[in-house]
Amino acid sequence: MARCQKQGTKQELLEAGMKFMQAKGYTNSGLQQVLDAVGVPKGSFYHYFESKEDFALQIIEHYDCNYTEEVLGCLRDLSYSPLERMKNYCLAGREKIAKGSCTGGCLIGNLSQEMASQSERLRQKLEEVFIRWRDLFASCIAEGQSAGQIDDRFEAEELAELFLSGWEGAVLRAKSTRSIRPVDNFIKLVFAANHVCIGKSLVAEGG
């Protein structure tokens, strides 16, 4: 994973592009809108990016870099148990979604819906990000399984895939309904032992 851009014109372009694409998608985000928001000429854009597709690829990396730092902050906080860390991740995500009035969703999920069948380069990059996130969850789940806190009848990677798919679906539903309820339902059911299928799989009895 590339290092996060921290400052300078390229950072400003990536941040502006990320906001536009999260709100409007790839197709409806014009380069001129980004340039006007940052206040730089078109020549500056092509100094950093070969094309709009290349810009989107670097936006994905930038989003991934910052998001992964946040995920690691939750999942590596050893003052909490593995299961508590997973829940803290969801609660932190819920707070961000609610603060944005449930309008943005997840950039990676949004672009996957829009562009996976339109650009093979973008599809591959988006899948790389999802795999990296899944593996972060799997590591935490495996730790919880070793501690007897998370059901070990299933592989950690399988549970991580289920968790990631469910979370992304809840975030998408929150955006489409303009309501935090789908996210609240996900958190409630996943972390309620023996409540539903997902809960039985992720949370060990008495966990």
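Summary table
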item: Residue match in region 163-181 (condition: touching a Leu at 6+ places or on another chain (Cβ under 8 Å), in a helix (DSSP H, G or I) and in contact (Cβ under 8 Å) with a residue 60 or more places away in the chain); result: yes
item: Candidate set: region 5-23, residues that are farther than 13 Å from F45 by Cβ and more than 17 Å from the chain's Cα centre (by Cα); chosen: the one modelled with the highest pLDDT; result: Q11
item: Residue that is modelled with the lowest pLDDT, among those in region 182-197 that are within 16 Å of E84 (Cα to Cα) and either in contact with a Leu (Cβ under 8 Å, 6 or more places away or on another chain) or not in a helix (DSSP H, G or I) (or both); result: A193
item: In region 48-66, the residues that are out of contact with any helix residue (DSSP H, G or I) (no Cβ under 8 Å at 6 or more places or on another chain) and at pLDDT below 95; result: C65, N66
item: Residue match in region 26-45 (condition: touching a residue at least 24 places away in the same chain (Cβ under 8 Å), within 22 Å of F130 (Cβ to Cβ) and not charged (D, E, K, R)); result: yes
item: Test: residue in region 95-103 that is in contact with a Leu (Cβ under 9 Å, 6 or more places away or on another chain), touching a residue at least 12 places away in the same chain (Cβ under 8 Å) and surrounded by 14 or more Cβ atoms within 10 Å (Cβ to Cβ); result: no
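The values are calculated or read from the model by the stated rules, or taken from the named source; none is laboratory data. Only a predicted model underlies this, so the values are computations on that prediction, with no experimental measurement involved. Neighbour counts are summed over all protein chains in view; Cβ atoms, including those assigned to glycine, are modelled from backbone coordinates with ideal geometry.
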